[in-house]
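Asks: Here you go, one structure.
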Amino acid sequence: MTAQPYEQRLHCYEIDCAGARLDVQAHGLATVLRLRGEIDASNAGLVAQAIRRFVRLRAPLILDLSRVDYLGSAGLRVLLLIQDECRLARVHCGVVGGVALQRLTRLVTGLGLPLADSVGEALQLIRGSEKGPQRR
């Protein structure tokens, strides 16, 4: 796993996870981790290790899987483990799905993943959770 800064963007860099790439971008509300490529048994451990570095920061995360070409069962397992770790650490973690995740969620239902259609929607959910319940 290697990290390389992006020259053209502030607060953004890329982590190579042996077949998958993790683009990191800091937003005011959350850190967005954009995954792309393939996540399977050969690199799921590296992907998990990279994501866990950001879970430890205890700031809201958004995992954007919209550019993942292939998500194997090992990748899904990592995603579920990360969600559990975030829940235990009380870290908000939203997931932006994509075609690869949709293939799996059609077969395996009831995963309880906090899915959003876009990063913008995931950020809105974080804003809403920070405000707390609405009073009438």
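Asks: Taking the Cα-to-Cβ direction at Asp16 and at Arg103 and moving 7 Å from each Cα, how far apart do the two end points lie in nm?
Replies: 2.5
Asks: Still on this structure, please answer the following. Using the basic label-point model (7 angstrom from Cα toward the beta carbon), what is the Arg53 to Glu121 distance in nanometres?
Replies: 3.0
Asks: Related question: Could you give the length gained on full extension between Leu80 and His27, defined as 0.36 nm per residue of separation minus the Cα-Cα distance, in nm? Display every interim value, and only then the final one.
Replies: Details: separation 53, 0.36 × 53 = 19.08 nm, distance 2.36 nm.
My answer for the length gained is 16.7 nm.
Asks: Can you tell me the accessible area per residue over the chain, all protein chains present, probe 1.4 angstrom, in square angstrom?
Replies: On a per-residue basis, 59 Å².
Asks: If I compute mean projected area of the Cα convex hull in nm² from the structure I just sent, which labelled value in (1) 12.5; (2) 45.3; (3) 8.7 lines up?
Replies: Computed from these coordinates, mean projected area of the Cα convex hull in nm² corresponds to label (3).
Asks: Which percentage, to the nearest 5, of the DSSP beta bridges contained in the chain is antiparallel?
Replies: Working: 16 of 30 bridges.
Rounded to the nearest five, the antiparallel share is 55 percent.
Asks: May I pose another question? Percent of accessible area on the chain owned by carbon and sulfur, 1.4 Å probe? Write down the numbers at each step before the final one.
Replies: Details: 3990 of 7980 Å².
Roughly 50 percent of what the probe reaches on the chain is carbon or sulfur.
The values are calculated or read from the model by the stated rules, or taken from the named source; none is laboratory data. These numbers were taken from a predicted model, which means no experiment stands behind them. Cβ atoms come from the backbone with ideal geometry, glycine included; neighbour counts cover every protein chain shown. The area values use the complete protein model at the heavy-atom level, side chains included, leaving out ligands, DNA and RNA. Shrake-Rupley method; radii C 1.70, N 1.55, O 1.52, S 1.80 Å.
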